[in-house]
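The values are calculated or read from the model by the stated rules, or taken from the named source; none is laboratory data. All values derive from a computational prediction rather than experimental measurement. Cβ coordinates were reconstructed from backbone atoms using ideal geometry, including for glycine residues, and neighbour counts include every protein chain displayed. Note: accessible area is taken over every heavy atom of the protein model, side chains too, but ligands, DNA and RNA are not part of it. Shrake-Rupley method; radii C 1.70, N 1.55, O 1.52, S 1.80 Å.
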Amino acid sequence: MDIPTSLIEKIKDRKCVLFLGSGASASSGGPTGKQLSQFLQANLSVPIENYHDDLSIFSENILKEKLVSRQNIEAAVCERLENLSPSESLKKLTLAKWKEIYTTNYDNLIERAYDEQFYYKLISNSDYCEISPNEIPFYKLHCSIKEIPQEKLIITRSDIFQNRDKKIELM
């Protein structure tokens with residue numbers, strides 16, 4: 001894949017923001033939203049008639065119907081994601097000088113990838129006051145498995161809408 005020279009220059013000048021969704025985890029064995037819905041349905045023994053491909057709709061429905069608890073959903077998500085290791089392609093992303101990184105992923109793959117290199121350091125939004133040249137602001141828009149139980153995963157449609165103002169403030 002040829003990357004335009006102008007884009008490479010902007011990355012070098014720290015003028016590009018990296019946004020990662022579930023596709024970024026696929027090369028590391030991470031599931032898409034649909035695959036995570038399938039995993040939850042199977043592992044939480046949710047009747048197939050309650051299944052939906054869209055993770056936020058599926059989670060909303062099974063919580064509303066009281067088929068499982070939020071804690072059970074979060075525990076299952078943690079079980080599915082906690083042992084993933086960053087792929088080589090994800091590790092290569094850590095070599096760029098990103099202005100900021102945003103992700104909707106619950107996993108810790110990008111954090112682990114940054115822990116394995118020595119060029120740049122991720123700083124969370126709570127530490128984002130003044131940054132040094134080797135620090136990159138990092139925002140987990142839907143929370144992280146490592147923050148459970150202090151924070152809840154943004155996994156239902158209601159969660160997404162309730163946290164919309166917080167996300168807009170971050171951006």
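Looking across region 140-161, just one residue is surrounded by 15 or more Cβ atoms within 10 Å (Cβ to Cβ), over 14 Å from the mean Cα position of the chain (by Cα) and part of a loop (DSSP other than H, G, I, E, B), and that is Thr156. Among the criteria (1) within 29 Å of Val17 (Cα to Cα); (2) surrounded by fewer than 16 Cβ atoms within 10 Å (Cβ to Cβ), the one Lys64 does not fulfil is (1). Of all residue pairs spaced 6 or more apart or on separate chains, those with beta-carbon atoms under 9 Å, a first member in region 70-91 that is of a type in the set (A, V, I, L, M) and a second member that is part of a helix (DSSP H, G or I) and surrounded by fewer than 18 Cβ atoms within 10 Å (Cβ to Cβ) are Ala76/Phe39; Ala76/Asn43; Val77/Phe39; Leu84/Arg112; Leu90/Arg112.
Go through region 45-62 and give me each residue that's closer than 19 Å to Glu79 by Cα and either in a helix (DSSP H, G or I) or in contact with a His (Cβ under 6 Å, 6 or more places away or on another chain) (or both). Matches in region 45-62: Leu55, Ser56, Phe58, Ser59, Ile62. Highlighted here are the helices (runs of 4 or more DSSP H) found entirely within region 66-124 that include at least 1 residues which are closer than 24 Å to Glu135 by Cβ and in contact with a helix residue (DSSP H, G or I) (Cβ under 6 Å, 6 or more places away or on another chain): 88-93, 109-115.
Scanning region 14-45 for residues that are without any contact (Cβ under 8 Å) to a residue 24 or more places away in the chain, within 24 Å of Ser158 (Cβ to Cβ) and within 13 Å of the chain's Cα centre (by Cα) gives Thr32, Gly33. The single residue among Ile48, Ile11, Ile3 that is of a type in the set (A, V, I, L, M, F, W, C), free of Cβ contacts under 8 Å to residues at least 60 places away in the same chain and closer than 28 Å to Glu135 by Cβ turns out to be Ile3.
Residues that are among the hydrophobic types (A, V, I, L, M, F, W, C), open to solvent by less than 80 Å² (accessible area, probe 1.4 Å), modelled with pLDDT of 90 or more and touching a Gly at 6+ places or on another chain (Cβ under 6 Å) occur in region 47-55; there is at least one.
Taking into account only those residues within region 9-44 that are part of a helix (DSSP H, G or I) and open to solvent by less than 20 Å² (accessible area, probe 1.4 Å), which is farthest from Tyr102 (Cα to Cα)? It comes out as Leu40. Among the residues of region 86-133, those identified as open to solvent by 70 Å² or more (accessible area, probe 1.4 Å), in contact with a Lys or Arg (Cβ under 7 Å, 6 or more places away or on another chain) and either more than 16 Å from Cys16 (Cα to Cα) or modelled with pLDDT under 90 (or both) are Lys97, Glu116.
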